[in-house]
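Report on the following structure.
The values are calculated or read from the model by the stated rules, or taken from the named source; none is laboratory data. As the structure is a computational prediction, the values presented were derived from the model and not from experiment. Virtual Cβ from ideal backbone geometry, glycine too; neighbours counted across all protein chains shown.
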Amino acid sequence: MAVNAPSQEMPPLIKESGQREVFCGLTSIVWLHRRMPDAFFLVVGSRTCAHLIQSAAGVMIFAEPRFGTAILGERDLAGLADANEELDRLVAQLLARRPEIRTLFLVGSCPSEVIKLDLAKAAERLNVQHRGRVTVLNYSGSGIETTFTQGEDGALQALIPLMPAAPAEPNAAQQLLIGGTLADGVEDRLINLLGKLGIERVKTLPPRRSTELPSVGPGTKLLLAQPYLSGTARALIDRGAELIEAPYPLGALGSRAWMAAAAAAFGIAPEHVAAVLDPLVERSQRAIAPYKETLAGKRLFVLPDSQLEIPLARFLSSECGMELLEVGTPYLDRQLMASDLALLPPGTQLSEGQHVEQQLQRLEAQKPDLVLCGLGLANPLEAKGIATKWSIELVFSPIHGIDQAADLAELFARPLRRRSALSFA
Ligand code: SF4
């Protein structure tokens, strides 16, 4: 993987603040509740919040969904009713009906924040009421100044104080902690490969059961699988974990570099890494080749939405040959993005934050072949004849790892192929 000199060859970052077109952090409940089936996410919000997560999750297909909304009515919002009493009553009913719930997340929303409902205090109170039965935690999924992936960052930060301390003895075995939700099958394959490299003690945050939290301490090496976990990473570092700098595991080369960075942190010889991973990379590159034919030379404009933008742009330029016109991200965490930033082509224009109108003006002036954007902007752009890819689809798809790289390329090739089929029709 060629490494380009970072920031000094980049044009100045465009910083924007203005009208935003993003989902709020409640959206991440959709993947978190699947990940931890013994947890329940209780949104304390309005009917709008309830509608958002129901439509983000699709039609409710679960007889007993693992999320719900405690709806704040007009009387609560006007301060005429005691929302705390109502919340306690609802939680007691829920726990009586659902004995399998082990962890209850109270998820704050814009309405609960507007009326200054203190969910940290509510969680404390409920923990006393239901001690030994359930652990009650809280975090904010509010849409004020957040992006939808930050919901996961908030949920994981709520779990960190409950993680046991790892043994502090100097000879204690080191463990690798993978940070961020991955599809179970993808995670199994990555852990299996890390085992083949020689890393045996691998834990994940979030775990698959909310009560089986991994330990953390000075012997923990943290490898982030998702780039939107700034707060989680800092909290784990504060608990003694050491962050492994690596590109995110998107694409064949990106995933190889991710695993190689972990192997280096565990003192594993690069020759062994090459022997295990290179045949897989070669197979993956052969699978990517047909999509690369469609993608190479095409001009990509990336609007900020999920915080996956920079690693995706790195994959699409370095492994698929796309030309990057602008890469927007809601927030730029230079520490967590350092390895991916260093792999972007020199001269890549980055932007941070959102001002929809200004971004659309730049986009239209540059006439991209493909735009990666949020759901709300896709239809208007398609109507103008510009092919789009929804960034939220990538958050819900199993795109991480060497084996998934061709599927990831295909997700971007598909809208271009569809558009060219339409133009010949
Ligand atoms: S938390 Fe805020 S942005 Fe999200 S659905 Fe509720 S009101 Fe809307």
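Got a sec? Which helices (runs of 4 or more DSSP H) wholly within the stretch 279-371 have at least 3 residues that are farther than 27 Å from L236 by Cα? Before the answer, list the steps.
Working: elements: 309-318, 334-342, 356-366.
Filter on the stretch 279-371 gives 309-318, 356-366.
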Just the residues that are aliphatic (A, V, I, L, M), touching a strand residue (DSSP E or B) at 6+ places or on another chain (Cβ under 6 Å) and more than 20 Å from M163 (Cβ to Cβ), please, taken from the stretch 123-142. L126
I'd like to know if the stretch 329-338 contains one or more residues that are touching a Pro at 6+ places or on another chain (Cβ under 8 Å) and free of Cβ contacts under 8 Å to residues at least 60 places away in the same chain. yes
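Residue by residue, here is whether (1) under 30 Å from T69 (Cβ atoms); (2) among the small types (G, A, S) holds:
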residue: N138; (1), (2): yes, no
residue: T146; (1), (2): yes, no
residue: G151; (1), (2): yes, yes
residue: Q157; (1), (2): yes, no
residue: P164; (1), (2): no, no
residue: Q174; (1), (2): no, no
residue: E187; (1), (2): yes, no
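Being free of Cβ contacts under 8 Å to residues at least 40 places away in the same chain and outside any loop (DSSP other than H, G, I, E, B) is the requirement here; does E393 meet it? Don't jump to the end; show me each part of the working.
Numbers: free of Cβ contacts under 8 Å to residues at least 40 places away in the same chain: yes; outside any loop (DSSP other than H, G, I, E, B): yes.
Spelling it out, E393 is indeed free of Cβ contacts under 8 Å to residues at least 40 places away in the same chain and outside any loop (DSSP other than H, G, I, E, B).
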Any pair with Cβ under 6 angstrom, 6 or more apart, that starts in the stretch 107-119 at a residue that is modelled with pLDDT of 90 or more and ends at one that is within 9 Å of the ligand (Cβ to nearest atom) and in a helix (DSSP H, G or I): S109/C49
Counting just the residues of the stretch 396-409 that are under 12 Å from the mean Cα position of the chain (by Cα) and not in a loop (DSSP other than H, G, I, E, B), which one comes out farthest from L295 (Cα to Cα)? F396
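Go through the stretch 1-30 and give me each residue that's within 16 Å of the ligand (Cβ to nearest atom), at pLDDT 85 or above and not β-branched (V, I, T). Break it down into steps so the answer makes sense when it comes.
So the first thing to find is which residues in the stretch 1-30 are within 16 Å of the ligand (Cβ to nearest atom), and the list is 19-30.
In the following step, the residues that additionally are at pLDDT 85 or above were identified as 24-30.
Answer for the stretch 1-30, where residues must be within 16 Å of the ligand (Cβ to nearest atom), at pLDDT 85 or above and not β-branched (V, I, T): C24, G25, L26, S28.
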Checking E357, E364 in turn, the sole residue that is out of contact with any helix residue (DSSP H, G or I) (no Cβ under 7 Å at 6 or more places or on another chain) and farther than 29 Å from G151 by Cβ turns out to be E364
Selection within the stretch 221-247 - out of contact with any Ser or Thr (no Cβ under 8 Å at 6 or more places or on another chain) and hydroxyl-bearing (S, T, Y): S230, T232
